[in-house]
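Working notes, beginning with the structure itself.
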Amino acid sequence: MSRFFLMLVAVLVIPFMSYAQDVDDIVNIIDEADHRSIAEMLKLQDAIPAAEKNCLRYKDKKECRCDNGYLYGEYDLLFSKLSERHPDWDQKTLKYNFYWEGVTYEGKTDMDTLMRYSDKFKVLDCSVDGDSKGKIEKK
């Protein structure tokens, strides 16, 4: 009987203990400046693949990344500012639920996921062209 009781306690208590630890790793994003950053980053996460897909009809993948490098640059700038404002958010889950410029944003992410597009920008082997569009060309 005591073995059954111990198993029952383990089944009921251990999940709550792990949940309590997970709650400490969740950051609810409430600052308006962070809402703006997250909203812009999420928009760019949609825009970058769409721009590359349109470009791939005519050019190779490397050229398309360079042609759309300004999008990666904008994303990298937003990510850098967000990580500078919140260095404590590393290894945390970011939970957001806000309304920004006519769109409701709700979900969860983490800084590693947000950093992926920023990392793609850093590995582009492109240099900034002198044109006014901010186009980036291959070296």
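The values are calculated or read from the model by the stated rules, or taken from the named source; none is laboratory data. Worth saying up front: this structure is predicted, and the values here are computed from it rather than measured. Using ideal geometry, Cβ is built from the backbone for each residue, glycine included, and neighbour counts are taken over all protein chains shown.
Here are the numbers for the structure shown:
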quantity	calculated
Residue match in the range 88-97 (condition: part of a helix (DSSP H, G or I) and either at pLDDT below 85 or touching an Asp or Glu at 6+ places or on another chain (Cβ under 9 Å) (or both))	yes
Residue check for residue 126: in contact (Cβ under 8 Å) with a residue 24 or more places away in the chain and either in contact with a Leu (Cβ under 7 Å, 6 or more places away or on another chain) or of a type in the set (Ser, Thr, Tyr) (or both)	no
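Yes or no, residue by residue, for (1) under 14 Å from the mean Cα position of the chain (by Cα); (2) surrounded by fewer than 19 Cβ atoms within 10 Å (Cβ to Cβ):
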| site | (1), (2) |
| --- | --- |
| 48 | yes, no |
| 79 | yes, no |
| 84 | no, yes |
| 92 | yes, yes |
| 99 | no, yes |
| 107 | yes, yes |
